[in-house]
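Notes to accompany the following structure.
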Amino acid sequence: MMLNWNEISVTTPKALTIIGMAKNVGKTVTLNYIQKVLHSQGIALGLTSIGRDGESFDALTHLAKPSIVVQPQTIVATAEKVSIDPNRWDYLQKTDIWTPLGNVLILKAKFVNQVVLAGPSRNEDVRQLLQCLTRWGTRCTLVDGAFDRQSSADPLISGQIVLATGATLSRDIEELLRITACRVEQLTIPNCNKDYAKRYNQSSAKVLVNRHSQWQEYFVKTSLLSSAEWLTVLKDDCTALIIRGAVGDGIAQALLKKQQIPTVVVQDGSKIFITVDLWRQLKARNIQIQALQPISLLGVTINPVYPGGKGIDPGVLLQKMGAALAPIPVMDVVQEIKF
């Protein structure tokens, strides 16, 4: 029996991004299922993507992929050079939003359909496209997040996301739980206080450091500094650190070497690219990383199989993943069950 949307979330988001932790974790299957759930409840849907998805075969692995299935009356934004049968679609508008496959078109599905989604890669263009789809009457737009581009979860695009994970990440169930739980923790880091947000908005520097109640700006080219570079910034009297952009293992390694730990503030959880082992060490030291913009993770979907293999027992994976990530809902959309 199909899940009810109220079993996933108490509200219907204006935009919902589906992101995958790797290829073949069931992102497209999740996207199709959420479309069906929302459409069955009479919600006017929009559909677009960050980058390209929906091809019959994976561009890297050449394995067959599930198609993106579009529900009737769904309004779709995709590039003009994607093959579109006019008998199956109503043409609504051509936008000035460019992709490598041409400008984005706005189309409405006449009936159940399939589509290759080719949307913009720039977050600002995606935000503009969401506004356009809203003007055409959509109540909720689903955004197909590009594989392994966690900035697809940028809350400035969509405050709410669904994360797809699966056995492709690891065939060892305990390791899969560990990797997924780490990513969930990173995406859902707590919000920072308003003083840090105000300081962030007042500066264009990549790095801001507070010493003796005074802020110092560092106009570095990238926020992905090495451990040694971070240690030159994080002197012993540093009490707070605000970072604009991605953060990686360099900052984690530097923080773990410090006796006095500053409060660390990043833009949002999608900007964190710290490996599992280092993230666990940060947690053990009670080192807090906070977000300027929170992300609302509505749920996690699981794919127990991997290409060319048997996979993990779906019932066992659902129970263990559900227990590990509680209270976040964990769903097997193929079995149509939720933990």
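The values are calculated or read from the model by the stated rules, or taken from the named source; none is laboratory data. Computed from a prediction, not measured in an experiment: that's the story for all the values here. Because the Cβ atoms are built from the backbone with ideal geometry, glycine has one as well, and the counts that use them run over all protein chains shown. Ligands, DNA and RNA are excluded from the accessible area calculation, which covers all protein heavy atoms including side chains. Shrake-Rupley method; radii C 1.70, N 1.55, O 1.52, S 1.80 Å.
Summary table
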{"quantity": "Separation between Cα centres of region 85-107 and region 189-244, rounded to whole Å", "calculated": "42"}
{"quantity": "Rounded FRET efficiency, nearest 0.05, which uses the C-beta distance separating Val112 from Lys81 and R0 of 30 Å", "calculated": "0.80"}
{"quantity": "Distance (nanometres) between label positions extended 7 Å along Cα→Cβ at Arg122 and Met2", "calculated": "3.7"}
{"quantity": "Over region 1-134, volume per residue of the alpha carbon convex hull, in Å³", "calculated": "123"}
{"quantity": "Evaluated at q = 0.08, 0.13, 0.15 Å⁻¹: base-10 log I(q)/I(0), Debye formula over Cα of the chain", "calculated": "-0.41, -1.01, -1.24"}
{"quantity": "Between 0 and 90°, nearest 10: helix 123-135 axis offset from the chain longest Cα axis", "calculated": "40"}
{"quantity": "Estimated dipole of region 166-228 in Debye, rounded to 20 [Cβ of Lys and Arg +1, of Asp and Glu -1, Cα centre]", "calculated": "360"}
{"quantity": "Electrostatic dipole magnitude of the chain [Cβ: Lys, Arg +1; Asp, Glu -1; Cα centre; debye, to 20]", "calculated": "480"}
{"quantity": "Segment Asp96-Glu229, extension gain: residue separation times 0.36 nm, minus the distance between their alpha carbons", "calculated": "43.7 nm"}
{"quantity": "Positive-end residue, the chain charge dipole about Cα centroid, Cβ charges, pick of Val184, Gln259, Trp279", "calculated": "Gln259"}
{"quantity": "DSSP-defined antiparallel bridges as percent of all bridges, region 196-339, nearest 5", "calculated": "55"}
{"quantity": "Set of lysines with alpha-carbon distance to Lys283 below 16 Å, sequence-local pairs under 8 removed", "calculated": "Lys257, Lys258"}
{"quantity": "Modelled FRET efficiency - R0 30 Å, Gln41 with Ile173, Cβ distances, 0.05 increments", "calculated": "0.35"}
{"quantity": "At most 11 other Cβ within 10 Å, DSSP loop - chymotrypsin sites (Phe, Trp or Tyr not before Pro), region 212-241", "calculated": "Phe219"}
{"quantity": "The chain, helix-only ellipticity at 222 nm - DSSP H runs n ≥ 4, -39,500 (n - 2.57), divided by all residues, nearest 500", "calculated": "-7500 deg cm²/dmol"}
{"quantity": "Two-site label geometry, Lys283 and Arg139: point separation in nm, points 7 Å out along Cα→Cβ", "calculated": "3.7"}
{"quantity": "Among Pro327, Pro294, Pro120, residue whose mean-square fluctuation peaks in a GNM of the chain (springs only between Cα atoms under 10 Å)", "calculated": "Pro327"}
{"quantity": "Nearest-ten-degree value, helix 173-187 long axis tilted from longest Cα axis of the chain", "calculated": "80"}
{"quantity": "Degrees separating the helix 314-325 axis from the principal Cα axis of the chain, which is the longest one", "calculated": "40"}
{"quantity": "Label-point separation in nm, Asn191 to Glu217, each point 7 Å along Cα→Cβ", "calculated": "2.7"}
{"quantity": "Loop-located trypsin sites (Lys or Arg not before Pro) in region 227-259, at most 14 other Cβ atoms within 10 Å (DSSP)", "calculated": "Lys235, Lys257"}
{"quantity": "Which of Leu241, Thr78, Thr134, positive extreme of dipole for the chain (C-beta unit charges)", "calculated": "Leu241"}
{"quantity": "Rounded percent of accessible protein surface that carbon and sulfur make up, the chain, 1.4 Å probe", "calculated": "52"}
{"quantity": "Beta bridges by DSSP in the chain, antiparallel share as percent, to the nearest 5", "calculated": "45"}
{"quantity": "Per residue value of the accessible surface for region 238-320 (all protein chains in place, 1.4 Å probe), Å²", "calculated": "40"}
{"quantity": "Among Ala291, Gln93, Gly308 - extreme Cα towards positive end, dipole of the chain, charges at beta-carbon", "calculated": "Ala291"}
{"quantity": "Net dipole in debye of region 72-219 [+1 Lys, Arg Cβ; -1 Asp, Glu Cβ; about Cα centre; nearest 20]", "calculated": "380"}
{"quantity": "Full-stretch length increase - Ser67, Asp237 - with 0.36 nm per residue and alpha-carbon distance subtracted", "calculated": "55.7 nm"}
{"quantity": "Average accessible surface area per residue within region 104-221, 1.4 Å rolling probe, Å²", "calculated": "46"}
{"quantity": "FRET efficiency estimate (nearest 0.05) - Cβ-Cβ, Lys198 to Gln259, R0 30 angstrom", "calculated": "0.55"}
{"quantity": "Spatially proximal lysines relative to Lys110 (Cα-Cα < 25 Å; intrachain offsets below 8 disregarded)", "calculated": "Lys14, Lys27, Lys36, Lys65, Lys81, Lys94"}
